[in-house]
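These notes are about the structure you will find just below.
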Amino acid sequence: MTSYVDASIPSGNGRRITLLGTDLIFASIENVFVYPTLDVDRLRNALGETLSLWPILTGRIIVNDNQYMIECSDNSIPFNYTENSELECWPDLPVVIDDKTILEPFIDSVQYKPEIEPLLRLKVTYLLRSNEYVVGTSTSHLVGDANSNIHFLSDLSQIYQHLEPLLPRPIFQRCLLNKEKIDLSFPLIKEISEKAEKIESFFGRIIKGKSETEQINLSFSSEQLITLHNIGKSDDEEVTIHDTLCAYIIITLNKHFFLTTDEHIQRARMIINYRGICDSLVTQGHVGNYIISIPSSEFTDSLSLPSIAKTIRQAIKTIRNEDFLEKWIVSADVLTRELIKDSRVNYVLDQNEVVFNSNFKYDWANQFNLGMINQCRFHTAISFKFYFRIFQLNPIKEKDGRWTRDNGGAQVAVRIPKGERKQNFLEAWKKDIQENFINVK
């Protein structure tokens, strides 16, 4: 059954938000959250209140002479409620689910249809046999990235609990572009321009990669991550737990998956949210797609945890520069529009490289917990070859009914080629876990 939810106080007033070139991601962000209980009417009412603060989500995409805009038109949002009598209970699943068909029945997907399609859809499924509730969210990626999505869901969770939304308040107007800073010879822009491939070739490579690989899920406790950090930070206090986790994955692949040094991973591309680095450009409250894929320099020692962790940290530090960001924002805006016209994809992955697109800094489950702290489970779908997705661990329900969660633990999902080498990699990881990383250097 589908009902339609309006903003309790319409606030869009038809204003238009012009999207940046880097906003033009024609996909949706789709997630599932599982709760032990839920007041559906209360959630529906909370959505109406939250939409008053988020008029961008009540809008529609408008395209005019290759100019993309969101018109905040105060439209209703579809809210679907259904009941399921087939599942005995929600199954024990990894955070990232390989088979997206498992989640599809629990999500009402947003499509890309300018002027007619909503930018947000919610679906609630009541599991009759276990009394659990599954909330599926689908949001147009044109509205914003993971940071924007979790900002909205956090506000919705707060309002559901009759609490004030946390600061900062959302800012929908895109950041201002300094046209004088356009530099298409900027190294990062030039690399994308030269290596971006046609859409058909890109999707062909994705399909081929999926047929040749299998998803693996690697879980690390918070204590294990601290141990790795103590090994990997060496004398560099700026190196983070996340840096050493990424470095550990790379050296374990290089030692136990790849057969020769010529095959070793030599660089990592880090997908980074650059909000708050320079508030004069983009603040923490800005809604949009403020992410950048930054390549590291070549590793000087592809088998050293401290060396790789330090190289990753140095790559991330390069964007903490106002001039760098200004050039990137305005130049990427121009380049992305050109790539779209040419049916090419803004995605680069060279041989001997891996990508880390991490959500480790976001606590999806607890930021949309609807008051059920450490009881909400979060799931998403889709993984790619040598494209690492990192999330915080889900809570676990013990046999006595208590919920527990290792806050600070992580789960890593990725697809790697099938066969003996995959097994060698997994066995090496399990051995390191059992030995508390005593042989990791």
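Structural remarks
- Potential lengthening between residue 398 and residue 9 on full extension [0.36 nm per residue; Cα-Cα distance subtracted]: 135.8 nm
- Here each label is just a point 7 Å from Cα along the line to Cβ, and for residue 101 and residue 373 those points are 4.1 nm apart.
- Here the 3J(HN,Hα) profile of the range 189-206, calculated from phi with Karplus coefficients 6.51, -1.76 and 1.60 at θ = phi - 60°, is 5, 4, 4, 5, 4, 7, 10, 4, 10, 5, 4, 4, 5, 4, 5, x, 5, 5 Hz, Gly and Pro shown as x.
- Residue-span extension gain [residue 1 to residue 67] - 0.36 nm each, minus C-alpha spacing: 20.2 nm
- Taking amide H atoms as placed 1.01 Å from N in the peptide plane, the amide H of residue 288 lies under 5 Å from those of 145, 148, each 5 or more residues away in sequence or on another chain.
- Alpha carbon centroid spacing (whole Å) that separates the range 390-441 from the range 168-218: 29
- At q = 0.13 Å⁻¹ the log10 of I(q)/I(0) for the range 199-311 amounts to -0.70, computed by Debye summation with a single uniform scatterer per C-alpha, solvent ignored.
- Residue 178 paired with residue 352, simple spin-label distance in nm, labels 7 Å along Cα-to-beta-carbon: 3.6
- Relative packing of peptides 60-68, 140-148 - highest average C-beta neighbours within 10 Å first: 140-148, 60-68
- For the chain, the per residue solvent-accessible surface stands at 44 Å², with DNA, RNA and ligands left out and a 1.4 Å probe.
- Rounded to whole numbers, the Karplus 3J(HN,Hα) couplings from phi for the range 376-386 are 8, 10, 10, 9, 9, 10, 5, 9, 10, 5, 6 Hz, using 6.51 cos²θ - 1.76 cosθ + 1.60 with θ = phi - 60°, and x at Gly and Pro.
- Karplus-derived 3J(HN,Hα), 6.51/-1.76/1.60, for each residue of the range 125-138, Hz, glycine and proline x: 10, 9, 8, 4, 7, 10, 6, 8, 10, 10, 10, x, 10, 9
- Taken along the Cα-to-beta-carbon direction at a fixed 7 Å, the label points for residue 320 and residue 262 span 3.9 nm.
- Debye equation applied to the C-alpha atoms of the range 116-216, log10 I(q)/I(0) at 0.21 Å⁻¹: -1.17
- Whole-number D in µm² s⁻¹ for the range 303-395, Kirkwood Cα-pair radius fed into Stokes-Einstein, 10 °C, 1.306 mPa s: 94
- Nearest-0.05 FRET efficiency for residue 211 and residue 126, computed from C-beta distance (R0 45 Å): 0.75
- Projection of the Cα convex hull of the chain, averaged over all directions and equal to a quarter of that hull's surface, yields 21.8 nm².
- Residues whose amide H lies under 5 Å from that of residue 408, counting only those 5 or more places away or on a different chain, are 393; hydrogens are built 1.01 Å from N in the peptide plane.
- Accessible-area composition of the chain, carbon plus sulfur, in percent [1.4 Å probe]: 49
The values are calculated or read from the model by the stated rules, or taken from the named source; none is laboratory data. Quick caveat: nothing in here was measured; it's all calculated off a predicted structure. When we count neighbours, we look across all protein chains shown, and the Cβ atoms used for this are built from the backbone with ideal geometry, even at glycine. These area figures cover heavy atoms from the full protein model, side chains too; ligands, DNA and RNA do not enter into them. Shrake-Rupley method; radii C 1.70, N 1.55, O 1.52, S 1.80 Å.
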